Structures are given as structure tokens and as C-alpha cells.
1. Give me the extension gain from Q75 to K92: residue separation times 0.36 nm, minus the current Cα-Cα distance, reported in nm with one decimal.
2. For segment 161-171, what does the Karplus curve 6.51 cos²θ - 1.76 cosθ + 1.60, with θ = phi - 60°, yield as ³J(HN,Hα) per residue in whole Hz, taken in order and with x for Gly and Pro?
3. Considering only protein heavy atoms and a probe of 1.4 Å, how much of the accessible area of segment 68-167 is carbon and sulfur, as a whole percent?
4. What list of ³J(HN,Hα) couplings, whole Hz, do you get for segment 132-147 from phi and the Karplus terms 6.51, -1.76, 1.60, once you set θ to phi - 60° and write x for glycine and proline?
5. Let's test the formula: R0 of 30 Å, r as the Cβ-Cβ distance of S147 and T64. What FRET efficiency results, to the nearest 0.05?
6. Using amide H atoms built 1.01 Å from N in the peptide plane, name the residues 5+ places from S121, or on other chains, whose amide H lies under 5 Å from its own.
Amino acid sequence: MKKLLLATLCASSLTLVACDKKPQETTTASEQSQSQSQSQSQSQSQSQNSLSQHNLQDIKSDLTAIQAVSNKKAQEGLDYQSEAIQALQTGKQDQVLAVVGKMQAYVDGFNQSLKELQLKSNEADELRNKIIQSNTVGFELAKEGASKTPDANKINQLKEQLGKIQNELVSMMQTLQAQVHPEQAQKQDHQQHQQH
């Protein structure tokens, strides 16, 4: 089970780096996720009225802002991964839980930074919400893996959910990058066709 915990923490910390509901003491992670999804839906419907659609300048500007926040948090996420591995190697549950607590603060801070961005495009707003969802599920996975009695079924469900979210996130990012930088997308397509 220790190897499973290590894999879980590493995978979820990398997810957090890849790309703000403050938890209440009495709510579970799934309740938080549902509440966050409802909140995101409400904020999306309210903000979609003022967000542009298919405006390449706005998308490019927004992607730059999201990337800046992600880059700023990337090293911090890698540091937590290293710290988690060291804590697991000691086998001391209190050290593992301390790292999980730090990861919670990291996720909350990262998500809050993303939420504070004044985005202009609907497309980037959807990307931001997907990153927040990925961060939240990734943390739920790490938290479950670090518990005293991890539930393998729940871990597998969270891994599956996280994999789906990450695939959607990559697809969204590639689509937006292709819209903003069509010359790079054409060059990559041309190179791929030459390789086949």
C-alpha cells in the first residue's frame, strides 16, 4: 500500500503543477467538488454575458495570464512532490499528513490565483475552470492516498476521473493554442505527416 500511496501523491502533485472553495471542516471532498461545480456553473452563466467568444486577442491575452499563474506555481508543486516522497520514505504518518496540509494550502492558493484573473474570453474561462477542477480532484486523490486506511476503489475512481479531466484539459489547451498560433499548429501537422 505504501507504493500506491507514493504513486498517488506523485501523480496528484504533478497534476497540480500541470496546469476557491475553502474547505469547511465538516464537508467532505466530494461535497466540496459538487459545491465547487455548482459555484463554477453559476459564475460561468453570470460571467458569460460579459466574456468574448472567439476573440483571438482576448484568448491570447488570457492564455498568457493563465500560463503566468501556472508557471509561478510550478516549482512550488514540484517541491511538494519531493517533500511527499521524503515523507513517505520515512514512513511517519504525521509527516505525510503535514505535506498533505501544505498541498491543501497550495491548491487553495493556486485555485484562488486562477479565480482572481480578470479573463476576457469564454474559452479561457472554461480552461481556467477545468484547471481548477483538475487541481481539486488531484488533491482529493492525494488526500485519499495519504489517509491511514486508503480506499483502493475510491483511489481508482479518482484516478479515472482525473485522467479524463487531464485529457479534456490537454485537448482544450491544444485547441486554444492552435487558434492563437495557427502557424505553429500547421508546422506541427506538417512534421507529423512527414514522419508517417
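1. Here the answer is 3.7 nm.
2. Working through the residues one at a time gives 4, 5, x, 5, 4, 5, 4, 4, 5, 4, 4 Hz.
3. Accessible surface attributable to carbon and sulfur in segment 68-167 totals 46 percent.
4. 4, 4, 4, 4, 5, 5, x, 5, 4, 4, 5, 5, 5, x, 8, 5
5. Working: r = 38 Å, r/R0 = 1.28.
Calculated transfer efficiency: 0.20.
6. S52
The values are calculated or read from the model by the stated rules, or taken from the named source; none is laboratory data. What you see is a predicted model; the values in this text were computed from it and never measured. Every residue, glycine as well, gets a Cβ built from its backbone with ideal geometry; the counts of neighbours run over all protein chains shown. SASA here: full protein model, heavy atoms, side chains in, ligands and nucleic acids out. Shrake-Rupley method; radii C 1.70, N 1.55, O 1.52, S 1.80 Å.
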